[in-house]
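This report concerns only the one structure given below.
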Amino acid sequence: MSQMLSEEKVKELKRFSKKIQMETMKTICEIGMGHVGGSLSISDLLALLYDQEMKIDPKNPKWEERDWLVLSKGHCAPALYSTLALKGYFPMEWLMTVNKNNTNLPSHADRLKVPGVDMTTGSLGQGSSAAAGIALGLKMEDKPNYVYLILGDGECQEGQVWEAALFAPQHKLNHLIAFVDLNRLQLDGFTDDICAMGDMEAKFTDFGWYTQGVNGHDIQAIHMAIENAKRQPEKPSMIILHTIKGNGWSEIAGKTNSHAPTVSKEQLAQALAEMEEAYAQI
């Protein structure tokens, strides 16, 4: 039977998620603009993965027994960087250098520069193939490591995602657990207006995945879905996260301007005030 998280643990993870959001906002304000919406919509997932689900060692990022994460929507690296810094992979001061000259933290995730980043990503769709390849390699070596993959819903319009979706069940990659951040928005507007994806849960099920759909801001629900995924003996798992793009900052949450807006110091102050209030109420 799946083990639920305690109420206190859920609160702890929600507070961690808010810290990720606040650090991400500071980072993006320092640049002046950036991929705010999709970074904020995955903060709950990142908090859960890095503080509960994944086997990691921040002091030894290349630890062979670690679980892997592939952030295929690599433009949302600011949220991942905030998570890694908060977990102690590198100094918090690095966050203020994102996407600046000579930085260790480029705008998209880079495994050659960033301690804790397992796969360079940003060319949308390619992370899905990379994650499947990593999972296959680990399986061939009889290693128990899990590989976690995060996709954007707009990214799922890329054909390469569906090639990987065919490949993973064929090779029974049951230690591959993937997520789609289904926030229904992409760069140019609503996904349904640009290239509607239809029923994502049904699609991945038809491709041979064990598929679940949950509220992507409900940490307990995501945890239970991961627990279910880990009991699958042969199938890769897909967890569709129903999220709000820009969640946590009311000025952009769920709106078409949420993809990569400018963030002024005044807007940062407003966003941080909202997030700090939410943190205090957890």
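The values are calculated or read from the model by the stated rules, or taken from the named source; none is laboratory data. Because the structure is a prediction, the values reported are computed rather than measured. Backbone-built Cβ (ideal geometry, glycine too); neighbour counts: all protein chains shown. All accessible areas refer to the heavy atoms of the entire protein, side chains included, with ligands and DNA or RNA removed. Shrake-Rupley method; radii C 1.70, N 1.55, O 1.52, S 1.80 Å.
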Inset, instruction - For the stretch 92-104, state whether one or more residues are aromatic (Phe, Trp, Tyr), modelled with pLDDT of 95 or more and closer than 20 Å to Met275 by Cβ. - result: no
Inset, instruction - Mind telling me which of the residues Leu84, Leu45 ends up being surrounded by 21 or more Cβ atoms within 10 Å (Cβ to Cβ), touching a helix residue (DSSP H, G or I) at 6+ places or on another chain (Cβ under 9 Å), closer than 28 Å to Phe190 by Cα and at pLDDT 95 or above? - result: Leu45
Inset, instruction - Please enumerate the residues belonging to the stretch 94-121 that are touching a Gly at 6+ places or on another chain (Cβ under 8 Å) and under 19 Å from Tyr148 (Cα atoms). - result: His108, Ala109, Met119, Thr120, Thr121
Inset, instruction - Return only the number of the condition from (1) more than 30 Å from Lys230 (Cα to Cα); (2) over 17 Å from the mean Cα position of the chain (by Cα) that Val10 does not satisfy. - result: (1)
Legend entry - Single residue of the stretch 239-273 satisfying the filter (in contact with a Pro (Cβ under 9 Å, 6 or more places away or on another chain) and assigned to a loop (DSSP other than H, G, I, E, B)) that is farthest from His75 (Cα to Cα): Glu251
Inset, instruction - Output the number of residues of the stretch 48-66 satisfying the condition of being farther than 12 Å from Gly116 by Cβ and open to solvent by 10 Å² or more (accessible area, probe 1.4 Å). - result: 6
Legend entry - helices (runs of 4 or more DSSP H) wholly inside the stretch 1-66 that include at least 3 residues being over 15 Å from Gly216 (Cβ atoms): 7-31
Legend entry - Positions within the stretch 256-282 being touching a residue at least 60 places away in the same chain (Cβ under 8 Å) and either of a type in the set (D, E, K, R) or open to solvent by 50 Å² or more (accessible area, probe 1.4 Å) (or both), in sequence order: Thr256, Thr262, Lys265, Glu276, Tyr279, Ile282
Legend entry - Pairs, first on the phi < 0 side of the Ramachandran plot and touching a residue at least 12 places away in the same chain (Cβ under 8 Å) in the stretch 83-106, second surrounded by fewer than 13 Cβ atoms within 10 Å (Cβ to Cβ) and part of a loop (DSSP other than H, G, I, E, B), C-beta under 9 Å, six or more apart: Ala85/Pro91; Tyr89/Lys59; Asn104/Lys113; Leu105/Lys113; Pro106/Lys113
Inset, instruction - Could you tell me which of the residues Gly34, Gly74 is closer than 22 Å to Ser123 by Cβ, touching a residue at least 60 places away in the same chain (Cβ under 8 Å) and of a type in the set (Gly, Ala, Ser)? - result: Gly34
Legend entry - Residue that is nearest to Ser43 (Cα to Cα) [pool: residues in the stretch 164-213 that are β-branched (Val, Ile, Thr), touching a strand residue (DSSP E or B) at 6+ places or on another chain (Cβ under 6 Å) and crowded, with 16+ Cβ neighbours inside 10 Å]: Val180
Legend entry - Candidate set from the stretch 214-225 (those that are closer than 18 Å to Gly254 by Cα and either aliphatic (A, V, I, L, M) or not in a strand (DSSP E or B) (or both)); member that is least open to solvent (accessible area, probe 1.4 Å): Gly216
Legend entry - Which numbered condition Ile244 misses (of (1) open to solvent by 40 Å² or more (accessible area, probe 1.4 Å); (2) hydrophobic (A, V, I, L, M, F, W, C); (3) over 20 Å from the mean Cα position of the chain (by Cα)): (3)
Legend entry - Output for the stretch 99-144, where each listed residue is closer than 18 Å to Ala165 by Cβ, surrounded by fewer than 21 Cβ atoms within 10 Å (Cβ to Cβ) and of a type in the set (S, T, N, Q): Ser123, Gln126, Ser129
Inset, instruction - Scan the stretch 169-213 for residues that are closer than 24 Å to Ser258 by Cβ, small (Gly, Ala, Ser) and either part of a loop (DSSP other than H, G, I, E, B) or within 17 Å of the chain's Cα centre (by Cα) (or both) and report the count. - result: 4
